[in-house]
Amino acid sequence: MPGHSLAQLRSSNLRAITALLGSGGPQSRADLARGSGLSRTTVSSLVTELLANGLVVETEDRGTPYKGGSGRPPLLVALAIRPGGVAGVDIGHGHVRAAVSDRSATILSEVETQTDEDPHGNATLDIAADLLRRAATAADVPVSDLLTVGLCVPGPIDRRSARVDHAVLPGWHELAPADELSRRVGVRVVVDNDANLGAMAEHQHGAGRGVADLLYVKLASGVGAGLVLGGRLHRGTVGLAGEVGHILARDGGDVCRCGSRGCLETEVSTRRLLELLRPVYGDDLDLPGLLQLDSDGETAVRRVLTDAGHTAGRVLAGVCTTLNPARVVVGGSLGSSPTLVAAIRESVDRYAHPEAAASCEVVSGKFGGRAELMGSVALAISRAAELA
Ligand SMILES: [Zn+2]
């Protein structure tokens, strides 16, 4: 019956709109039309129905001005979720952070602790559960009132098993981190890797806002990328998309924790850069010190950062030619170095397809080393909204 199939089409279109809002965060009606391939008129009518049913809200946050537009930027549409907080937990190589936020991603509390480099998975998850309780107390939101927790781990998650790739994180062998943390705190937990969540944070709230095709690169103690393609995070068949830290950067280079040799990560990680600078600045040089020397214009530091940027940029040039992103957002603790970002730009210009290079901006991330935590919160909000 034609009436029946029309109703089916409408409900599948409604689901397409809520799915886009879940994966891409708050967007204008025009963005939704582009993302769904539906006409502006159809999208407007669908949004009106979703507004009437209380499934979406219009947000006060007006985002960035429209390119070339002269009028006021449009109101954004966001998924509505029931009252209550959400939380994000970011596990890195050497730190654990937790934040509790309200439903509009306003952070209510944030706590952090340093850990030994990659302690065992179970020990790290104990620390994470403890921090999460502390963040909830500080935000005055009982843990049991949290709708969802977004969890970031510093390695690829196998989408088939929801387990961590143990080659990259040995102490996590056979652990399913979301289930483990959920068991400890009694709240639903969703997990993703650091670069994907950094990409999500910068895409929804930061330097990649409004960009449909975005390459987010995390340069820190680990190196990885998150890909936003057509407005959605692209994770790949088993969750390995964006593992640029393990692309060959030097033949016969150092052995990498993934088991390969000469991976990009072995050439440009923070540990590598500090090692290179040790003969001049000694063992006490740490990352904040390195970044300070960079902004002071210290020659040796700038050389090391420039070389690292050129090396990373060569690998990224290949990715730019393959995916033709409109913007590369450089995040992680090294992403705030203008020297490094400028060198990446030079290499992308030198090695990418000329048109791919010309159509691509290279910028620093807005959130630096906090992007993963912000992304964990964004993931929790989108999941809480989908399940509302
Ligand atoms: Zn590797």
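I'm trying to understand the selection: among the residues of the stretch 244-253, which are surrounded by 15 or more Cβ atoms within 10 Å (Cβ to Cβ), more than 9 Å from the ligand (Cβ to nearest atom) and assigned to a loop (DSSP other than H, G, I, E, B)?
Selection gives ALA249, GLY253.
What number goes with the only condition from (1) farther than 21 Å from THR321 by Cβ; (2) of a type in the set (Gly, Ala, Ser); (3) in a loop (DSSP other than H, G, I, E, B) that ALA300 does not pass?
(3)
Give the residue that is nearest to LEU334 (Cα to Cα), with candidates limited to residues of the stretch 258-285 that are within 10 Å of the ligand (Cβ to nearest atom) and surrounded by fewer than 19 Cβ atoms within 10 Å (Cβ to Cβ).
Among those residues, the one meeting the criterion is GLY262.
For the stretch 278-326, give me the residue count where each residue is of a type in the set (S, T, N, Q) and touching a His at 6+ places or on another chain (Cβ under 9 Å).
Adding up the residues that qualify gives 2.
How do the pairs read when you match residues in the stretch 262-283 that are among the hydroxyl-bearing types (Ser, Thr, Tyr) with residues anywhere that are more than 16 Å from the ligand (Cβ to nearest atom), using Cβ under 7 Å and keeping only pairs 6 or more apart or on different chains?
THR270/LEU287; THR270/SER333; THR270/LEU334
Would you confirm whether any residue within the stretch 152-166 is closer than 29 Å to GLY245 by Cβ, within 16 Å of the ligand (Cβ to nearest atom), surrounded by fewer than 20 Cβ atoms within 10 Å (Cβ to Cβ) and not charged (D, E, K, R)?
Scanning the stretch 152-166, I find at least one residue that is closer than 29 Å to GLY245 by Cβ, within 16 Å of the ligand (Cβ to nearest atom), surrounded by fewer than 20 Cβ atoms within 10 Å (Cβ to Cβ) and not charged (D, E, K, R), so the answer is yes.
Which condition does THR322 not pass, out of (1) surrounded by 21 or more Cβ atoms within 10 Å (Cβ to Cβ); (2) more than 21 Å from GLY94 (Cα to Cα), if it passes all the others?
It is condition (1) that THR322 fails.
Just to be sure before I move on: is ALA212 assigned to a loop (DSSP other than H, G, I, E, B) and without any contact (Cβ under 8 Å) to a residue 60 or more places away in the chain in the structure I sent?
On the way: assigned to a loop (DSSP other than H, G, I, E, B): yes; without any contact (Cβ under 8 Å) to a residue 60 or more places away in the chain: no.
No, not satisfied.
Return a yes/no flag: does the stretch 212-233 have any residue that is buried (at least 21 other Cβ atoms within 10 Å of the Cβ), more than 13 Å from VAL329 (Cβ to Cβ) and more than 16 Å from the ligand (Cβ to nearest atom).
Yes, the stretch 212-233 has at least one match.
Restricting to the stretch 286-319, what's the tally of residues that are buried (at least 21 other Cβ atoms within 10 Å of the Cβ) and closer than 15 Å to TYR216 by Cα?
Of the residues in that region, 7 qualify.
Criterion first (in contact (Cβ under 8 Å) with a residue 24 or more places away in the chain and farther than 26 Å from GLU117 by Cα) does LEU323 satisfy it?
Against the criterion (in contact (Cβ under 8 Å) with a residue 24 or more places away in the chain and farther than 26 Å from GLU117 by Cα), LEU323 qualifies.
Where a number appears in this text, it was derived from the coordinates with a stated rule and is not lab data. In this text the structure is predicted, and so the values were computed from the model without any measurement. Ideal geometry is used to build each Cβ from the backbone, glycine not excepted, and the neighbour counts take in all protein chains shown.
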